[in-house]
1. How big is Rg to Rh over the stretch 366-407, alpha-carbon atoms, Rh as the Kirkwood inverse-mean-distance radius?
2. Average the reciprocal distances over every distinct pair of alpha-carbons in the stretch 666-771, invert the result, and give the Kirkwood radius in Å.
3. What residues have an amide H closer than 5 Å to that of Leu62, excluding those fewer than 5 places away on the same chain, when H is modeled at 1.01 Å from N in the peptide plane?
4. Quick one: length gained pulling Val76 to Lys610 fully straight, 0.36 nm per residue minus the C-alpha distance?
5. Hey, which lysines would be in cross-link range of Lys54, C-alpha to C-alpha under 27 Å, not counting anything within fewer than 8 residues on its own chain?
6. Can you pull the percent of the chain's accessible area that's carbon plus sulfur, 1.4 Å probe, other chains left in place?
7. When only alpha-carbon atoms count, how far does the stretch 592-736 stretch along each of its three principal axes, as whole angstroms with the largest first?
8. Report the paramagnetic label zone for Ile321: residues of the stretch 211-241 whose backbone N is under 20 Å from a point 7 Å from Cα along the Cα-to-Cβ axis.
Amino acid sequence: MIISLNWLKKYTDIELPVDQLAKLIGSRLVEIEEVIDLGKKYEGVVIVKVVECKPVEGSDHLNVTKVDDGGVVKDVERDENGLVQVVCGAPNVREGLMAVWLAPGVTLPDTYNDPKPVVLEARPLRGVVSNGMLASAKELALWDDHEGILELEDERTPGESFAKAYELDDYLLDIENKSLTHRPDTFGIIGFAREVAGVQGKAFKTPPRMTLEGITWPEKVGNEPTPQVTIDNPELSTRYQAVVLTNVDSRVQLSPLEIRTYLARIGVRSHSAVVDITNYMMMITGQPLHAFDYDKLKAVNNGQIDIHVRAGQTGEKLVLIDDREIELHENDIVIANGDTPVALAGAMGGRDTEIDDNTTNVLLESASFNLYNLRNTQMRHGIFSEAITRFTKGQPAELTAPVLAGAIDLLRLSAGANRASDIADAYPVKQEQPKVYTTADSMNAALGSNFTTDDIVTTLQNVEFSVSVDDKGTIAAVAPYWRADIHIAEDLGEEVGRLNGFDNIPLTLPMRDFTPVSPDSFDLFRSCVRSILARAGANEVMTYSFVHGDVIRKAQQNVDNAYRIVNSLSPDLQYYRLTLTPSLLNLIHPNSKAGYDNFALFELNKTHSKVFGKDEDGTPKETDLLALTLSSKVDEGTTYYRAKHLLDYLGASLGRSFIYAPILQEPGYDESAAFDIRRSAMVTDRETGEYIGIIGEYKSSVKKAFKLSSFTAGFELDPRTLHKVALLSANSYSPISRYPSTERDITFAFTDINTSYQQVKAQIDESIEQVKNVSIEVYAGSIYQPKDAAAKNFSFTVRFTASDRTLAGAEVNEMVAAIAAPLVQKLGATVV
């Protein structure tokens with residue numbers, strides 16, 4: 001947001017140099033990213049009067065003019081009357097015109113910030129020497145009008161500095177306004193000036209016409225009926241005012257030049273008197289306005305005005321003034337005349353009621369709308385106008401009236417508008433500011449300051465708080481209506497500390513003990529899990545807790561279980577995520593596309609689901625989850641078993657062993673929605689039987705939606721349960737053997753094709769537990785089943801390691817036989 005220093009000076013005294021002021025504002029109000037010296041752009045630019053104007057011989061558009069600059073420009077060729085010759089091709093150049101002259105040696109303002117700015121010089125045009133040029137608004141870097149030169153008011157004096165005449169000898173403060181989201185008043189020049197006065201220790205007085213007591217409505221001239229206005233749902237709008245203006249000369253393209261230059265310097269383009277005035281009032285007060293073509297508005301409802309402020313309805317569409325057709329949503333706020341939507345409230349008007357050159361009658365709107373609905377609208381429809389930026393900060397209902405009155409008066413002066421109706425005012429719920437109590441002692445105790453009661457009272461009154469003190473020293477303060485952020489004593493303390501400068505509070509060492517709190521057992525466990533998985537070669541990621549609804553749907557989860565974010569930061573961040581797996585799957589394709597052929601990603605984080613309800617304070621319950629997914633572009637073995645190997649490694653590192661059970665039917669909960677149950681398993685702790693999570697490959701539809709490789713699998717676990725069972729584990733450390741290991745490959749054939757891998761592996765594990773003093777590790781090799789065959793083969797690699805000797809071949813054979821025997825006896829296996 002750009003703030004003009006000269007504009008601030010119209011409302012408060014500023015005596016500090018601009019660098020000191022910027023530092024003061026930065027420490028007590030908002031960060032200033034840059035201070036721009038606007039005056040340098042207009043150095044040497046002067047106002048002149050066109051004394052003579054004659055066509056250039058042989059040209060159909062050029063004129064040779066003689067201009068009077070009062071003799072202020074040096075080193076320029078003049079005639080015997082002291083006039084300077086300038087050739088101009090603008091269609092509106094004429095004798096007697098007051099214009100802006102860029103003399104030789106002056107930099108063209110429109111190119112001032114270019115790498116190679118244009119510097120004017122005396123040069124011939126069609127054989128006639130032109131000393132510089134007469135400038136258009138575009139060439140002066142004001143707005144995009146270059147069809148003619150800029151015409152100035154007749155009362156200007158030749159030789160005046162253009163910058164001084166129109167207060168362009170200015171500094172612009174480029175502020176980072178994100179920290180002012182809770183302060184809608186500072187999005188207007190008057191509100192920002194009030195804060196500047198406050199941080200300087202000066203009292204501020206709002207201009208009388210902008211106060212509730214000083215509202216003066218221009219005299220009614222005309223007999224139009226008062227517009228019928230209804231707010232259908234007070235939660236969507238706290239106030240809606242409207243008035244009919246007639247005799248508006250919409251062809252008047254020139255609002256007062258001073259207004260247009262102030263709008264231009266902060267980045268608002270000039271359009272017409274009506275639009276410029278509404279923008280001007282918005283910029284000085286922070287309250288947006290909207291103007292409808294009154295006759296067009298009546299035409300959409302059979303000649304009647306019956307304004308309704310309501311929610312959008314399913315299936316409704318609206319063509320906006322930028323020619324986009326949008327489909328309205330139930331969270332959108334709509335302005336409708338009768339049943340017909342005519343504007344997207346607080347965001348953009350409709351094309352059918354837009355002001356144009358033929359407009360003579362206007363319905364002017366001043367209203368306040370629900371900021372949360374508008375934030376939703378802003379993101380859904382991609383509208384980031386100056387108006388909706390301010391509405392989404394929460395404009396107070398009381399502000400609509402003084403701004404509407406001021407706009408009517410300016411339109412009367414600039415465009416000949418007459419107030420033709422009474423003011424329609426729908427104001428269903430009026431709110432009063434709370435009275436907040438504090439004392440100097442309690443405030444000083446909280447801040448570590450030494451403010452007196454008089455210091456506190458003066459500081460608050462400087463920014464127009466209503467303050468009183470009783471005989472016991474209790475301070476009662478009522479914030480002005482534009483301060484919706486003041487509710488408790490601590491708010492008053494923050495206000496007093498900020499305005500006086502937190503950096504001015506004496507520094508003292510705290511007396512209480514600041515020994516850091518030790519992390520709890522679960523926090524330490526999470527760090528341990530992260531280290532184990534990273535050691536296994538997986539990469540930890542941290543993704544947003546918010547996701548797009550499409551990500552939830554791609555994972556085939558139920559979006560109705562997800563909490564929707566009303567004021568989402570981005571259209572891509574609409575919902576709280578239900579689980580972590582979709583976030584990880586969403587990262588697979590971009591990483592594969594970036595050239596990573598084989599990788600694993602994991603995340604340990606919180607999720608939120610309506611299934612788990614809310615806490616006592618009404619906030620969604622948080623659920624801890626651990627998810628991992630791995631992907632490969634090429635076939636490196638059955639992907640499920642690669643994921644299982646990582647999970648077994650995690651379990652072994654925690655001293656746990658898991659059982660993997662087939663999933664016989666769709667579980668129906670969001671954690672399992674992405675997994676193909678035919679190629680997945682439920683994971684439980686072997687010792688306790690506690691459910692840990694799910695592991696497996698993903699559904700074909702999920703792989704297609706996320707553009708995943710066929711060789712992708714993963715797991716999602718409950719880390720709280722994993723932590724609980726891990727606490728039961730004894731120290732599983734054993735030193736690495738100095739003796740070599742011996743491996744054997746074993747293949748078991750089964751005639752019962754329903755025999756599962758888990759049955760075979762469980763039996764092998766049971767047999768291994770009977771072997772003492774030798775470490776035995778089993779790795780899955782392959783599962784082979786020829787098409788239409790009546791047998792199935794399972795292959796394993798078994799590694800034997802003794803801690804005290806090198807194993808002999810006979811010993812290994814004996815252990816292999818001990819492992820195989822139960823499989824042969826109990827499951828009918830044949831050793832191949």
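The values are calculated or read from the model by the stated rules, or taken from the named source; none is laboratory data. Owing to the predicted nature of the structure, the values given are computational and were not obtained by experimental measurement. Note that each Cβ is placed from the backbone with ideal geometry, even for glycine, and that neighbours are counted across all protein chains shown. Side chains included, ligands, DNA and RNA excluded: accessible areas come from the protein's heavy atoms. Shrake-Rupley method; radii C 1.70, N 1.55, O 1.52, S 1.80 Å.
1. Values: Rg = 11.1 Å, Rh = 10.8 Å.
My calculation of the ratio gives 1.03.
2. 17.4
3. HN-HN under 5 Å from Leu62: Val56.
4. 184.5 nm
5. The reachable lysines, counting only those whose Cα sits under 27 Å from Lys54, are Lys66, Lys74, Lys138.
6. Details: 19230 of 39700 Å².
The computed percentage sits at 48.
7. Ordered largest first, the stretch 592-736 gives principal extents of 51, 43, 33 Å.
8. Within reach of a label on Ile321, which here means backbone N under 20 Å from a point 7 Å along Cα→Cβ, the stretch 211-241 contributes 240-241.
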